[in-house]
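**Student:** Below you will find the structure I want to go over with you.
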Amino acid sequence: MLDVPHELVEHVSWLIYARRRELNSPWRKLGCFKQALLALAHPRKNETLAQLGAGFGVSEATAWRYVDEVLDVLASWAPGLHEALVGLGEG
């Protein structure tokens, strides 16, 4: 059981889906939802990527790539420093 809201996993999976379409690279061993779940489970569980990958039926290297891809997708949605400061009333 993972204590990550289902809505969050769905949202991240839609972001992954959009990125795959953008790159014209739709195929992965795991679907978007399971990739999102694996990547979100990584910081929440005290398991190595080898253990997480095994639980999802992928290699450690693939688990690393999936987590890295999700981090890139999330980083592209994060505000820059200027936007964050403006949001805090500092800009």
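**Student:** For the range 52-73, give me each residue that is under 26 Å from residue 6 (Cβ atoms) and open to solvent by less than 60 Å² (accessible area, probe 1.4 Å).
**Tutor:** Residues of the range 52-73 under 26 Å from residue 6 (Cβ atoms): 52-58, 62-73.
Within the range 52-73, 52, 53, 56, 57, 58, 62, 63, 66, 67, 69, 70, 73 qualify.
**Student:** Tell me which residues, restricted to the range 37-51, are open to solvent by less than 20 Å² (accessible area, probe 1.4 Å) and either on the phi > 0 side of the Ramachandran plot or within 10 Å of the chain's Cα centre (by Cα) (or both).
**Tutor:** Step one: list which residues in the range 37-51 are open to solvent by less than 20 Å² (accessible area, probe 1.4 Å), which gives 38-39, 41, 49.
38, 39, 41, listed by residue number.
**Student:** While we're on this one: Report yes if residue 81 is open to solvent by 100 Å² or more (accessible area, probe 1.4 Å), of a type outside the set (Asp, Glu) and at negative phi, otherwise no. Working first, answer last.
**Tutor:** Working: open to solvent by 100 Å² or more (accessible area, probe 1.4 Å): yes; of a type outside the set (Asp, Glu): yes; at negative phi: yes.
Answer is yes for this residue.
**Student:** Taking the conditions exactly as written (outside any helix (DSSP H, G or I), modelled with pLDDT of 90 or more and either small (Gly, Ala, Ser) or surrounded by 12 or more Cβ atoms within 10 Å (Cβ to Cβ) (or both)), does residue 34 satisfy them or not? Break it down into steps so the answer makes sense when it comes.
**Tutor:** Numbers: outside any helix (DSSP H, G or I): no; modelled with pLDDT of 90 or more: yes; either small (Gly, Ala, Ser) or surrounded by 12 or more Cβ atoms within 10 Å (Cβ to Cβ) (or both): yes.
So residue 34 does not fit the description; no.
**Student:** Further, regarding this structure: Among residues belonging to the range 1-29 that are charged (D, E, K, R), out of contact with any helix residue (DSSP H, G or I) (no Cβ under 9 Å at 6 or more places or on another chain) and over 18 Å from residue 68 (Cβ atoms), point out the one that is surrounded by the fewest Cβ atoms within 10 Å (Cβ to Cβ). Walk me through it before giving the result.
**Tutor:** If we filter the range 1-29 for residues that are charged (D, E, K, R), which is where we start, we get 3, 7, 10, 19-22, 28-29.
The next check asks that each one be out of contact with any helix residue (DSSP H, G or I) (no Cβ under 9 Å at 6 or more places or on another chain); those that pass are 7, 21-22.
Next, from what is left, pick out any that are over 18 Å from residue 68 (Cβ atoms): 7, 21.
Working: 7: 8, 21: 10.
Filtering first and then ranking leaves 7.
The values are calculated or read from the model by the stated rules, or taken from the named source; none is laboratory data. What you see is a predicted model; the values in this text were computed from it and never measured. No Cβ is skipped: glycine too gets one built from the backbone with ideal geometry, and neighbour counts run over all protein chains shown. Surface accessibility is based on the protein's heavy atoms, side chains included, excluding ligands, DNA and RNA. Shrake-Rupley method; radii C 1.70, N 1.55, O 1.52, S 1.80 Å.
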